[in-house]
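The structure appears right after this line, and notes come after that.
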Amino acid sequence: GNKPWTMIGDSTNYYKEFFAGFLDGNGKTICNLNVVGHNMAGLFGPLHTGATIKNLTIDGATITSNHYAGVIAAWVETGAGANIIENCHVKNATVVSSAELVGDAWDNGDKAGAICGFMYKGTIKDCSATNVSISAYRDFGGIRIEDDVLVTETGSRFIGDKLLPLTVEELEAVIGKE
């Protein structure tokens, strides 16, 4: 059956129990991943300080949390080394980050994505998400969420009100102006 998976890394203390190693899935597929977490949920919880996850497919996943929910990784932050998620693919998945009542106001229910729920510094390369349903109260996206970056349905990316270059030609035009 589809028994719950205990994610790799601890969701109660991001900086003490995180994954900072190397996983090469060697092109293998994990089927029917089921992760339920309070503060974060994913195959990996927190990635930090030079973790690399690559060459892995997850087909059929249910990821449920109230904060930081992603199929490959819930929360990614770089300390001394860059984190890399490369050639990872998510298919037929549901990611849910539910809001909760904190005091007198609704909070959390955010940072949900197919590859990772939240990434602050790092690289996602050659990854894809197919047939993924993402449900959250706020701050959610298809591949990842990163502070101050918005990916629109036309592919335009912005930091604040500045358009980020998408092509080599756009990048060269920006560099040429400075």
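The values are calculated or read from the model by the stated rules, or taken from the named source; none is laboratory data. Here the structure is a predicted model, which is why all the values come from computation and not from measurement. No Cβ is skipped: glycine too gets one built from the backbone with ideal geometry, and neighbour counts run over all protein chains shown. These area figures cover heavy atoms from the full protein model, side chains too; ligands, DNA and RNA do not enter into them. Shrake-Rupley method; radii C 1.70, N 1.55, O 1.52, S 1.80 Å.
Quick one: if the Förster radius is 35 Å, what FRET efficiency do residue 99 and residue 31 give, using the C-beta to C-beta distance and rounding to 0.05?
Calculated value: 0.75.
In Å, what Kirkwood hydrodynamic radius results for region 45-119 from the alpha-carbon pair distances?
One over the average 1/r among Cα pairs gives 12.9 Å for region 45-119.
Heavy-atom accessible area of residue 68 with all protein chains present, probe 1.4 Å, nearest 10 Å²?
The value for residue 68 is about 30 Å².
Could you give the accessible area per residue of region 1-139, probe 1.4 Å, as a whole number in Å²?
Accessible area per residue, region 1-139: 46 Å².
Would you please classify the overall shape of region 1-145 from the alpha carbon gyration tensor, given that a ≥ b ≥ c denote the square roots of the eigenvalues, rounded means a/c under 1.5, and beyond that prolate means a/b larger than b/c while oblate covers the rest?
oblate
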